Structure formats: structure tokens, C-alpha cells
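*Asks:* Just dropping this structure here.
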Amino acid sequence: MAKAAVLMAEGYEEGETLTVVDLLRRAGIECHTFSFGEEFVKGMHDMYVRADGVFGEEVKQYDMLVLPGGRPGGDNLRKNPGVIEMVRYFNNHQKYLAAICSGTVVLSEAGVIGGKKVTGYTGYAEKLKGGRFVEDVAVFDQNIVTSQGPATPYPFAFKIMEVFGKDPSELKERLMYDFAGGR
């Protein structure tokens, strides 16, 4: 079974984080959240959510590392040397990396997007150094999935499902995604 580790640094964007966890679990993908020492992590909008575990070597056992954005969540991930090291580990071992909104800058900081198509928040083309920035809502290139921002967790999670070989069509139907105008 595919396994995804979602990092929760203080100031994480709640929608980008919790929606992705919810959708991946609904799709049957094993998905756990990891904090940086604290059991309950404060999100960008002052919501405290209990993480499943504490960030450490255990994360290396997962197939994908997911980096949500948020203020200052994305920046807190980017400034954490352990996170940068883990991103490089995943990239060097041909494991999947996924980032949304300001979480995408972590990929740039780690130097893993060279020549790969990526997307991110509005105005991030300059921040995603080395990547080939595209305006798509969710992008997959080689081992990296990226998405734009707070309105895009659904397409982001659906792209992750596809990367893991799961067709999101049935889940989209159950969620009324197409009825709601999603693409």
C-alpha cells in the first residue's frame, strides 16, 4: 500500500494540509501527519490539530513526502535543515515529493526541481529556481507533484492518487467534484 507523510510545521495552511490528508485516506492511501516536537500543531488560522507522529527517521519509510504551504508554515519547513535533508533523501532515492503553495519553495531550497515542470502560488515563478514554471493547477514531472494554493488541494490530491496508480474518478463522483465545477 502506498504511504504518504504530510509535514505540519507551525503555521501550516489548514485547507492544504487537512483536505489532502482526508482525500488520500478516502482513496485508501496510508497517510500520516508529522509535527516537529509538539503534539498539537497551530495552523495559519489558529486551528490546533494533533499530528500522528513526530518528524524523524521513520518518515524515510514512506513513499511520498508532502509539503503543505501556509504562513509561516511553508517558510518554517524551508528553514528546517532536517526537512531539506529529508527532501534530498526522497529525491535521491527516487521517492515522490509533493508540495503545494509556499511548500513548493522548500523543493527549490533543496535543489531538487532542476529542469522539472513545477507550479506554485501566484508570483512564485522567480522563487522556484531551476524549475520550469507552468500555470497548471497541479503538475507531475518525474517524481514531483506541485500545486498552486489554498483553492487547489482537491486537484493536488487527485494528482497524487494518479501518481500512486489510483483513478480518482469514483471518488470525484462521490464527492460531487464535477457537479461543483471542479476540473
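*Asks:* What are the residue pairs meeting all of these: first residue in the range 39-58, first residue of a type in the set (Val, Ile, Thr), second residue surrounded by fewer than 11 Cβ atoms within 10 Å (Cβ to Cβ) and part of a loop (DSSP other than H, G, I, E, B), Cβ atoms under 7 Å, and 6 or more apart or on different chains?
*Replies:* Cβ pairs passing all conditions: Val54/Gly37.
*Asks:* Would you be able to tell me the number of residues in the range 60-80 that are in contact with a Leu (Cβ under 6 Å, 6 or more places away or on another chain), in a helix (DSSP H, G or I) and within 16 Å of Ile29 (Cα to Cα)? Even if it seems obvious, please write down each step before you answer.
*Replies:* Let us first name the residues in the range 60-80 that are in contact with a Leu (Cβ under 6 Å, 6 or more places away or on another chain), namely 65, 67, 77.
Adding the requirement that they be in a helix (DSSP H, G or I) leaves 77.
Remaining after also requiring within 16 Å of Ile29 (Cα to Cα): none.
Selection size over the range 60-80: 0.
*Asks:* State yes or no: is Ile100 at pLDDT 95 or above and crowded, with 22+ Cβ neighbours inside 10 Å? If you could, list the steps in order and put the result at the bottom.
*Replies:* Details: at pLDDT 95 or above: yes; crowded, with 22+ Cβ neighbours inside 10 Å: yes.
Judged against the criteria, Ile100 is a match.
*Asks:* I'd like the full set of residues that are in a loop (DSSP other than H, G, I, E, B), of a type outside the set (Val, Ile, Thr) and closer than 19 Å to Phe164 by Cβ, limited to the range 137-150.
*Replies:* Let us first name the residues in the range 137-150 that are in a loop (DSSP other than H, G, I, E, B), namely 137, 142-143, 148-150.
Next cut, of a type outside the set (Val, Ile, Thr) only: 142-143, 148-150.
Selection gives Gln142, Asn143.
*Asks:* Right, another one. Name the single residue, out of those in the range 129-172 being of a type in the set (Gly, Ala, Ser) and touching a Gly at 6+ places or on another chain (Cβ under 9 Å), that is nearest to Gly69 (Cα to Cα). Can you show your working first?
*Replies:* Narrowing the range 129-172 to residues of a type in the set (Gly, Ala, Ser): 130-131, 138, 147, 149, 151, 157, 165, 169.
Now drop any that are not touching a Gly at 6+ places or on another chain (Cβ under 9 Å), which leaves 130-131, 147, 149, 151.
Details: Gly130: 20, Gly131: 18, Ser147: 10, Gly149: 8, Ala151: 12 Å.
Ranking the candidates gives Gly149 first.
*Asks:* Which members of the range 81-123 meet the condition of being assigned to a strand (DSSP E or B) and under 14 Å from the mean Cα position of the chain (by Cα)? Even if it seems obvious, please write down each step before you answer.
*Replies:* Narrowing the range 81-123 to residues assigned to a strand (DSSP E or B): 96-100, 117-118.
Answer for the range 81-123, where residues must be assigned to a strand (DSSP E or B) and under 14 Å from the mean Cα position of the chain (by Cα): Tyr96, Leu97, Ala98, Ala99, Ile100, Val118.
The values are calculated or read from the model by the stated rules, or taken from the named source; none is laboratory data. Worth saying up front: this structure is predicted, and the values here are computed from it rather than measured. All Cβ positions, even for glycine, are placed from backbone atoms using ideal geometry, and neighbour counts span all protein chains on display.
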